[in-house]
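As structure tokens, the structure follows; a few thoughts come after it.
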Amino acid sequence: MPQFQADKAAMLKMASDLKTPATKLLLITNKYKQVNYLLSLHPKSNKKILNLIIEKVESFRYDKPEKFDDYELNDELVLKNISRHPKIDANSFIDLANRYPDDALKNPSLMRFFEDKTLSIEKINRLFESSNLPVALMRLYAAQGTQPQKLALMRNCNLPSDVKRKLTPDKIHRKILRRLKQITNKTEDKFLKRCLDRYSQKSKLFCVPRFLPFDRFDLLHRLQDQILCGFPYTSAKWSWPVDASGDHMQPFAQIDLQNASKLLNEFLGDGILQLWTSPRIFENVELTIRVIPRCDGNYPMDNFYPDKALWLKKSSNSELDFDNCICFDILKPYLHGFDLDQCRIEWVYLTRMFGYGIYDLIFHDKNSDLSVEQEIQSDNLMSKIEEIDDSLSCDENIVKAGDLYLSLKRETLCTLGGFPARAGVNTRNHFWGDNFLFVFQSETDVINTIAITYHKKSDGSVSFSSHWYLEN
């Protein structure tokens, strides 16, 4: 790029002038953060300029914010501006739309991206979850969209009644069962027919999170469901726990068991379940699970929050930042912290999730009555199983609805109920046959699973166990 000699004031003047052509804007791109901010809004900025700014911002994403024209100028503000810019290229739009869906939906070129048949629109499922999605697009994709798109739409809190009727969980489940029936009918091996029949009965109800605004000073918010960080209920009787190293633990999940019982159609108790993790879990693997009786919720809540909350970023005024609040050790050193809108959630029932596959049903299910040793009748049984397993992608589309921020390359799943979605052989052996209340999974070069399982006792009571499992 040609060198351009001008002081900062001159560059700011050029970037503020709406008549400055793109050729001159290119010369001042990435010189100063304030200049880039103005360029992200400039109508003459083209794809090249916008992409150069994105590259620069991504490489310095956690720089300290600057003050500019009464704005706290940070990287996110610039990226949000670019997501709304009509000249953004398609790939950059897809990437930013998942991070900033409400901003991306304000892009004047929005319909151009949806009409482009060469784009993988399923990569921007977060747009379908936004309450600002145009109703015309809701109706179009409810009728013609892929299963991941329809499942994403089901998480939208602003669906018209006619769209809701097209997207009932039972309709989606029946469609999957019809597909399983077609595969079963094409299979001649009697044992495999039994396996497929059993597989079709192995589904479990599951829900995924819908993120809600969080006010740490709102007492009702503190009692409601939260995941991965937040400010859960604590009191003199139920104080903030500490780990063996003396560090205050990270709140990882708070689940209203009465609500979970309704969603999963299973009595799980009536209190508030909390899962806490060590903030340095790779150094100190420690999980604490506790159930606070609902009657104890009448005790006055305290306002204690740890000064050294390693899982939260600090804002520019050194206050704990609950917006974009996830920055925790569980993903390190593999990933830097990823951003979620808020930590308070409501669970959205989608449909039923199936197990890992036919192979696992036969060889790993602790509760299976299928005996391979007694019933193998042909040498090519294994090849038949592998062939069928490859075609059983019913799960694949369902579990994607639980993925968080696919645009940030985060293969992260968080569900209430269901099964762990991605698991190696050892993890499957460890978990097969368990009843899951909560599952968190992230995957990079390892599969990281944190889960809560439950067991029904003979007297009708429920016990809970926490698990942390890491596998290559």
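Only residues that are buried (at least 18 other Cβ atoms within 10 Å of the Cβ) and of a type in the set (Phe, Trp, Tyr): list them for the range 222-247, please. Phe231, Tyr233, Trp238 - these are the residues of the range 222-247 that are buried (at least 18 other Cβ atoms within 10 Å of the Cβ) and of a type in the set (Phe, Trp, Tyr). Only a single item in (1) modelled with pLDDT of 85 or more; (2) in contact with a Gly (Cβ under 9 Å, 6 or more places away or on another chain); (3) surrounded by fewer than 20 Cβ atoms within 10 Å (Cβ to Cβ) is not met by Cys207, and it is number (3).
For the structure I just gave you, tell me whether Lys64 is surrounded by fewer than 16 Cβ atoms within 10 Å (Cβ to Cβ), at pLDDT 85 or above and either small (Gly, Ala, Ser) or not in a strand (DSSP E or B) (or both). Show your work before the answer.
Values: surrounded by fewer than 16 Cβ atoms within 10 Å (Cβ to Cβ): yes; at pLDDT 85 or above: no; either small (Gly, Ala, Ser) or not in a strand (DSSP E or B) (or both): yes.
No.
Every residue, every condition in (1) surrounded by fewer than 14 Cβ atoms within 10 Å (Cβ to Cβ); (2) in contact with a Lys or Arg (Cβ under 6 Å, 6 or more places away or on another chain); (3) among the hydrophobic types (A, V, I, L, M, F, W, C); (4) without any contact (Cβ under 8 Å) to a residue 24 or more places away in the chain, yes or no:
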{"site": "Arg139", "(1), (2), (3), (4)": "no, no, no, no"}
{"site": "Ala142", "(1), (2), (3), (4)": "no, yes, yes, no"}
{"site": "Gly145", "(1), (2), (3), (4)": "no, no, no, yes"}
{"site": "Arg155", "(1), (2), (3), (4)": "no, yes, no, no"}
{"site": "Pro160", "(1), (2), (3), (4)": "yes, no, no, no"}
{"site": "Arg174", "(1), (2), (3), (4)": "yes, no, no, yes"}
{"site": "Ile183", "(1), (2), (3), (4)": "no, no, yes, no"}
{"site": "Glu188", "(1), (2), (3), (4)": "yes, no, no, yes"}
{"site": "Arg198", "(1), (2), (3), (4)": "no, no, no, no"}
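Taken together, the residues in the range 175-227 that are in a helix (DSSP H, G or I), under 22 Å from Cys157 (Cα atoms) and of a type in the set (Lys, Arg) amount to 1.
Would you please name the residue that is modelled with the highest pLDDT, looking only at residues in the range 1-10 that are hydrophobic (A, V, I, L, M, F, W, C) and not in a helix (DSSP H, G or I)?
Looking only at the range 1-10, we keep the residues that are hydrophobic (A, V, I, L, M, F, W, C), and these are 1, 4, 6, 9-10.
Cutting the leftovers down to not in a helix (DSSP H, G or I) gives us 1, 4, 6.
Values: Met1: 49, Phe4: 61, Ala6: 73.
This residue is Ala6.
Taking the criterion of being more than 22 Å from Pro43 (Cα to Cα) and of a type in the set (D, E, K, R), the residues of the range 97-150 that qualify are Arg99, Glu115, Asp116, Lys117, Glu122, Lys123, Arg126, Glu129, Arg139, Lys150.
If you check Leu219 against the conditions, is it surrounded by fewer than 15 Cβ atoms within 10 Å (Cβ to Cβ), hydrophobic (A, V, I, L, M, F, W, C) and either at pLDDT below 95 or within 28 Å of Tyr299 (Cα to Cα) (or both)? If you could, list the steps in order and put the result at the bottom.
Details: surrounded by fewer than 15 Cβ atoms within 10 Å (Cβ to Cβ): yes; hydrophobic (A, V, I, L, M, F, W, C): yes; either at pLDDT below 95 or within 28 Å of Tyr299 (Cα to Cα) (or both): yes.
For Leu219, the condition - surrounded by fewer than 15 Cβ atoms within 10 Å (Cβ to Cβ), hydrophobic (A, V, I, L, M, F, W, C) and either at pLDDT below 95 or within 28 Å of Tyr299 (Cα to Cα) (or both) - is met.
Do we have any residue at all in the range 72-91 that's at pLDDT 85 or above, under 16 Å from Pro21 (Cα atoms) and among the hydroxyl-bearing types (Ser, Thr, Tyr)? Checking the range 72-91: not a single residue is at pLDDT 85 or above, under 16 Å from Pro21 (Cα atoms) and among the hydroxyl-bearing types (Ser, Thr, Tyr).
Yes/no matrix, rows are residues, columns are (1) among the aromatic types (Phe, Trp, Tyr); (2) under 14 Å from Phe464 (Cα atoms); (3) surrounded by 18 or more Cβ atoms within 10 Å (Cβ to Cβ); (4) in contact (Cβ under 8 Å) with a residue 24 or more places away in the chain:
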position: Ala260; (1), (2), (3), (4): no, yes, yes, yes
position: Leu264; (1), (2), (3), (4): no, no, yes, yes
position: Asp270; (1), (2), (3), (4): no, yes, no, yes
position: Gln274; (1), (2), (3), (4): no, yes, yes, yes
position: Ser278; (1), (2), (3), (4): no, no, yes, yes
position: Leu287; (1), (2), (3), (4): no, yes, yes, yes
position: Ile292; (1), (2), (3), (4): no, yes, yes, yes
position: Cys295; (1), (2), (3), (4): no, no, no, no
position: Pro300; (1), (2), (3), (4): no, no, no, yes
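For Leu25, the requirement of being over 29 Å from Glu129 (Cβ atoms), at pLDDT 85 or above and touching a His at 6+ places or on another chain (Cβ under 7 Å) is met. The residues of the range 416-472 that are of a type in the set (Gly, Ala, Ser) and at pLDDT 75 or above, listed by number, are Gly417, Gly418, Ala451, Ser458, Gly460, Ser461, Ser463, Ser465, Ser466.
For the range 11-49, the set of residues classified as surrounded by fewer than 21 Cβ atoms within 10 Å (Cβ to Cβ) and in a loop (DSSP other than H, G, I, E, B) consists of Asp17, Leu18, Lys19, Thr20, Pro21, Asn30, Lys31, Tyr32, Leu41, Pro43, Lys44, Asn46, listed by residue number.
I'd like the full set of residues that are outside any loop (DSSP other than H, G, I, E, B) and within 15 Å of Ser278 (Cα to Cα), limited to the range 228-249. Scanning the range 228-249 gives Val242, His248.
Among all positions in the range 237-249, there is no residue which is aromatic (Phe, Trp, Tyr), touching a Leu at 6+ places or on another chain (Cβ under 6 Å) and within 22 Å of Ser466 (Cβ to Cβ). When each of Asp296, Asp307, Asp323 is tested for being at pLDDT 65 or above and assigned to a loop (DSSP other than H, G, I, E, B), the lone residue that passes is Asp307.
The values are calculated or read from the model by the stated rules, or taken from the named source; none is laboratory data. Remember, it's a predicted structure, so these values are computed and weren't measured experimentally. Glycine gets a Cβ as well: all are built from the backbone with ideal geometry, and neighbour counts include every protein chain shown.
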